[in-house]
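All remarks here apply to the structure that follows.
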């Protein structure tokens, strides 16, 4: 029996480097594929582009902004999703405060000068405090965001996020929610509420991890995704 296609959706200013350890670590149970989410002008357009390149059915994992793309795919083509994982994300529209912060960041990014991506200062909100001195980890994150650059940041940060509750409640496939215990961007308490809201009984909170769980805690993320990939279909 062929291995399932596993579509790994990256977040804002992320590319396949985000999923490096999942691509290698899950290759014996799935065929990982990381789409390019840098070009669409709406979340729906990104979802439609993913669907156009995907196999008829697939396993789907969305991280952060990629989680919103996964929810759009669930609205458009739920029958094609064999199982769904949401990592360090949200199912809600931005609050007025968060929307205002996004606009301010977008305007700041438009100003002339070098685009620094996720700086070492901002990293304090992205990774657990215990990992800030991990030069290999933080270097990978900073390099990835700088490589993608200003225009990608402005485009992705300006995407309007939609509420995904109804689409996720309607799915009838294995679900898992994964987050870092100390995620400062999408907190663990919000993931617990998300799990209750959509009826997901598989919530994995990774200790001593922040927002970037696929990179901060690849072993635990891979273990949770492996278990999810091996669960019987038709269960939630």
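Structure data summary
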| read-out | value |
| --- | --- |
| Search result, residues across the stretch 87-104 that are surrounded by 14 or more Cβ atoms within 10 Å (Cβ to Cβ) and either part of a strand (DSSP E or B) or over 20 Å from the mean Cα position of the chain (by Cα) (or both) | 87 |
| Number of the exception - residue 129 against (1) closer than 24 Å to residue 36 by Cβ; (2) modelled with pLDDT of 95 or more | (1) |
| Elements of type helices (runs of 4 or more DSSP H) in the stretch 143-236, at least 3 residues being over 23 Å from residue 19 (Cβ atoms) and modelled with pLDDT of 95 or more | 165-170, 188-198 |
| Wholly enclosed helices (runs of 4 or more DSSP H) of the stretch 20-86 bearing at least 2 residues modelled with pLDDT of 95 or more, closer than 21 Å to residue 223 by Cβ and touching a helix residue (DSSP H, G or I) at 6+ places or on another chain (Cβ under 6 Å) | 20-25 |
| Residue 12 vs. criteria part of a loop (DSSP other than H, G, I, E, B) and either at pLDDT below 95 or crowded, with 18+ Cβ neighbours inside 10 Å (or both) | yes |
| Long-range neighbours under 8 Å by Cβ, at least six apart or interchain, first residue free of Cβ contacts under 8 Å to residues at least 24 places away in the same chain and at negative phi within the stretch 166-181, second part of a helix (DSSP H, G or I) and buried (at least 19 other Cβ atoms within 10 Å of the Cβ) | none |
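The values are calculated or read from the model by the stated rules, or taken from the named source; none is laboratory data. Since the model is a prediction, treat every value here as computed from it, not as a measurement. Note that each Cβ is placed from the backbone with ideal geometry, even for glycine, and that neighbours are counted across all protein chains shown.
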